[in-house]
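A short worksheet on the structure shown next.
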């Protein structure tokens, strides 16, 4: 049930009543402990960078390939990227000043009539940074990892540190492009890395 209320005239315009939504009768916990093993696990996939990662980190400043940016963190927005730039012929070209989840809108896809007027912004409603948890190698992140801690202020004003809430690593993202010359039977391939 929703009431549409006019705050200027201080009156109820209408009440939308869509009936009672039944409470699900089935158990909704999908953990491995609940259901056991449903299939055999895949063989291990190992990510190895014998020469280390291609990025360098100096404090919160990151350099990777021709990219440069700074990493920040806030209790409301979580991860924030600052001063993103690309080095082009010896000069860093600015790409964006600041990027965070607060600049992104993701409407939830519930088709129920009472949900259409809602647009939940997890960043503003809950504070994504407060929901951050410590990431673990092999569970959350694979490969050669660099972790960043978050330094926040607790509700009582005291400083607090959330360790390892941001992990940075490189991934092989498959083939970026491939060209095959049928005349010479020569193939050029470039892989994508992110």
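The values are calculated or read from the model by the stated rules, or taken from the named source; none is laboratory data. Worth saying up front: this structure is predicted, and the values here are computed from it rather than measured. Note: ideal-geometry Cβ built from the backbone for every residue, glycine included; neighbour counts use all protein chains shown.
Data for the structure
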quantity	calculated
Residue 29 vs. criteria modelled with pLDDT under 85 and farther than 24 Å from residue 163 by Cα	yes
Candidate set: segment 136-194, residues that are surrounded by fewer than 11 Cβ atoms within 10 Å (Cβ to Cβ) and either at positive phi or touching a helix residue (DSSP H, G or I) at 6+ places or on another chain (Cβ under 9 Å) (or both); chosen: the one modelled with the lowest pLDDT	138
Segment 27-84: number of residues that are surrounded by fewer than 11 Cβ atoms within 10 Å (Cβ to Cβ) and outside any loop (DSSP other than H, G, I, E, B)	5
Set 79, 101: member being in contact with a helix residue (DSSP H, G or I) (Cβ under 9 Å, 6 or more places away or on another chain), over 30 Å from residue 1 (Cα atoms) and at pLDDT below 85	101
First in segment 68-79 and on the phi < 0 side of the Ramachandran plot and without any contact (Cβ under 8 Å) to a residue 40 or more places away in the chain, second anywhere and part of a loop (DSSP other than H, G, I, E, B) and surrounded by fewer than 18 Cβ atoms within 10 Å (Cβ to Cβ), Cβ under 9 Å, 6 or more apart	70/59; 70/60; 72/60
Looking only at segment 5-16, and only at residues there that are over 17 Å from residue 112 (Cα atoms) and assigned to a strand (DSSP E or B), the one that is farthest from the chain's Cα centre (by Cα)	11
